[in-house]
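Notes for the one structure printed next.
Please treat every number below as a calculation from the coordinates, not as lab data. Source: prediction; values computed, not measured. Here the Cβ is made from the backbone with ideal geometry for all residues, glycine too, and neighbour counts use every protein chain on show.
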Ligand SMILES: [Zn+2]
């Protein structure tokens, strides 16, 4: 029988057996939100599951199971563009805590979250604290940090955080058929001040709606995206994430 990766595809018996050998579960978290005129709305949710699957395939069995994706996230800032669907922070918090306390009951002591959407990060960290202190579940999270070394090397566009050079490249590489290349264009970006630009070191934190910063919904420069860059970004990110999951699994 093939080794199953997904929690949802396993039988109760298979999961019982697996829980004797592995005490780590993996949780992909994404979003459904506008990604400019050219990328699918579910880019973050698809990518969260994609990178976890590819990373787990590099590990030695027994493999930590991948829970179903939390497809919706905190996307209030994208609501000015069609297609975005946002949870309230409390909703996401409850969802993650409920999932965490459930897996803990079944004998898993560690939950590794791969979060593909920056807007979710602060609430997920808060949920991690609650799970540790209230439920004794140890949560680890990668919010795209595994992709950072290759991103630093390959992506040169300024403030490239959403549907820009980086994300359009990764989408061209893992789901090129869903990228509407004819609509790729460089957005007009407007920040309130240079100090608040995401690339400023360190940037001054401020709250924003995407439509206040960009005319197309993209932040960054998708015209610089290529399949080759996307493949290199994934290769590097998948390797680093696999190492991180292996490390957590052995703790
Ligand atoms: Zn995204």
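A few points about this structure:
- Mean separation of Cα contacts under 8 Å (6+ apart) over length of region 85-149, as relative contact order %: 39 percent
- Residue order, fewest to most surrounding Cβ atoms within 10 angstrom, among 63, 27: 63, 27
- Per residue, the average separation of C-alpha pairs within less than 8 Å and at least 6 apart gives the chain a relative contact order of 24 percent.
- Helix 89-105 vs. the chain, principal-axis angle (Cα, 0 to 90°, nearest 10): 20 degrees
- Region 1-88 shape via C-alpha gyration tensor axes, a/c threshold 1.5: prolate
- As computed over the chain, the Cα convex hull volume per residue (Å³): 130 Å³
- Bridge type composition, the chain - antiparallel percent by DSSP, nearest 5: 20 percent
- GNM flexibility winner over the chain from 82, 201, 232 (Cα, springs under 10 Å): 201
- Fewest neighbouring Cβ atoms within 10 Å first, the residues 5, 204 line up as 204, 5.
- The overall shape of region 85-193, judged from the alpha-carbon gyration tensor, is prolate: a/c is not under 1.5, and a/b is greater than b/c.
- Each of 138, 193, 78 was scored by other Cβ atoms within 10 Å of its Cβ. Listed from fewest to most, they are 193, 138, 78.
- Per-residue ellipticity at 222 nm from helix content only, as computed over the chain with -39500 (n - 2.57) for each DSSP H run of at least four residues, stands at -13000 deg cm²/dmol.
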